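Asks: So that we are looking at the same thing, I have put the structure below in structure tokens.
Taken together, the values in this text are just the output of simple stated rules run on the coordinates, not laboratory data. Given the structure is predicted, the values throughout are model-derived calculations rather than measurements. When we count neighbours, we look across all protein chains shown, and the Cβ atoms used for this are built from the backbone with ideal geometry, even at glycine.
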Amino acid sequence: MCNPIASAFGSVIKDATPCASYYVVLWRIIPFYGGPQEGGWWGEDRIPESYKEYSTMDAARQACDQVIETARQLGKEARRAHAEKCGRELDYCEARGIDDANSVFGEVNGADRYWVTVETELPEKRFGEREWS
């Protein structure tokens, strides 16, 4: 322990537990189309869907490894659902002779993605920049 107060505490209480937290976080990445400037640009929001606190990095890494497959499956389902939605929108436009689906449904933002991390701080939502300058 490099902190003198923690060292003093540890000298009195031999089995003291360090105050450390590791968070396994399941993130949802939500892409968005920013606009047609410069040939089109994209951004993304990063939303923590769930997290679990662990007291050791080893325990957090083991849990993270177990959650990775869940994240893969969520991403696979999101891509499938996104493709089906796009297909329905195109079918709608084709049946009505509409050449530009974006004029009816807006720009397509892309499928959500999921990933898992181990963090040392509580996860917070992170919103992408939405103004082009």
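Asks: For labels at ASN3 and GLN62 in the simple 7 Å Cα→Cβ model, what's the distance in nm?
Replies: So the two model labels end up 2.6 nm from each other.
Asks: Return the single residue from ASP91, ASP15, ASP100 with maximal mean-square fluctuation; model: Gaussian network over the chain, springs between Cα atoms under 10 Å.
Replies: ASP15
Asks: How big is the convex hull of the Cα atoms of the stretch 20-119, per residue, in Å³? Intermediate results must be reported in sequence, preceding the final value.
Replies: Working: hull volume 10.1 nm³, N = 100.
That works out to 101 Å³ per residue.
Asks: Shifting gears a bit: Most mobile of SER11, SER55, SER21 per a Gaussian network model of the chain (Cα springs, under 10 Å)?
Replies: SER11
Asks: Moving on. Identify which of VAL108, VAL116, VAL24 has the largest mean-square fluctuation in a Gaussian network model of the chain, with springs joining Cα atoms closer than 10 Å.
Replies: Of the options given, VAL108 has the highest mean-square fluctuation.
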